[in-house]
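The values are calculated or read from the model by the stated rules, or taken from the named source; none is laboratory data. What you see is a predicted model; the values in this text were computed from it and never measured. Glycine also receives a Cβ, built like all others from the backbone with ideal geometry; neighbour counts cover every protein chain displayed. Quick note on the areas: whole protein, heavy atoms, side chains included, nothing else; ligands and nucleic acids left out. Shrake-Rupley method; radii C 1.70, N 1.55, O 1.52, S 1.80 Å.
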Amino acid sequence: MIVLDLEWNQPFGGRRMEEIIQIGAVKMNDSREITDTFEINIKPQELKHINHNVRKLTGIDDELLADAVHIDKAIRIFQDWCGTDFVILTWGYDDISVLGSNLTYFGLPTDWLPNFYNLQMIFCAQTENLNKQYSLAYAAEYFGITLDKPL
């Protein structure tokens, strides 16, 4: 299984597209142990300057992405890393919808995408809080998980 976290640039003004600028992921085995990590920065093609709110939230800026790879190469590298037999886990639906819309926008295949599961909804169902959306930090605290890195 692959736990996926994307970072994307927000449009300025009236533009609607959110452009992926970083893919982060971890691979886990059946015992939920991390077996590998993945991170790649992606050079923006449409939203060439990082929105100031995105920069503040992620620490990703124009300088960091100046020598990043194009999305087509980043996706190929990510696909190779994922392998052929996997599912994707996310916290919320946004990562999957942004990934799909970026693949479509840039003319990249989507047929390799496997099933995905929204861990936020699973958490809410298991804690009987179906009408709320909780942060990942809240879920970690709820389960007594100590975070050794900032979210």
Using a simple charge model, +1 on the beta-carbon of Lys and Arg, -1 on the beta-carbon of Asp and Glu, nothing else, what dipole does the chain show about its Cα centre, in debye to the nearest 20?
-> 360
Per 5 Å bin from zero, what fraction in whole % of the C-alpha pairs of segment 15-78 is there, up to the bin with the longest pair?
-> 4, 16, 24, 20, 16, 10, 7, 4, 0
Choose one answer from Ile40, Ile77, Ile23: the residue with the largest mean-square fluctuation in a GNM of the chain with alpha-carbon springs under 10 Å.
-> Ile77
Counting other Cβ atoms within 10 Å, which chymotrypsin sites (Phe, Trp or Tyr not before Pro) in segment 1-46 have at most 12 and lie in a DSSP loop?
-> Phe12
Those chymotrypsin sites (Phe, Trp or Tyr not before Pro) in segment 77-130 that DSSP places in a loop and that have at most 16 other beta carbons within 10 Å | Phe86, Tyr93, Phe106, Trp112
Carbon and sulfur together cover what percent of the accessible area of segment 52-151 at a 1.4 Å probe radius?
-> 52
State in Å² the accessible area per residue of the chain; use a 1.4 Å probe, count heavy atoms of protein chains only, and round to the nearest integer.
-> 64
Residue pairs, from the table Lys43/Lys73; Lys27/Lys48; Lys43/Lys149, whose Cα atoms sit over 19 Å apart | Lys27/Lys48; Lys43/Lys149
For the chain, with a Gaussian network of springs between Cα atoms less than 10 Å apart, report the residue from Gln120, Gln22, Gln133 with the top mean-square fluctuation.
-> Gln133
Loop-resident GluC sites (Glu not before Pro) in segment 1-107 with no more than 16 other Cβ atoms inside 10 Å, DSSP not H/G/I/E/B, are Glu33, Glu46
With the dipole of the chain worked out from charges on the C-beta (+1 for Lys and Arg, -1 for Asp and Glu) around the Cα centre, which of Phe143, Val54, Leu6 lies farthest toward the positive end?
-> Val54
Taking the convex hull of the alpha-carbon atoms of the chain and averaging its shadow over every direction gives an area in square nanometres of 10.1
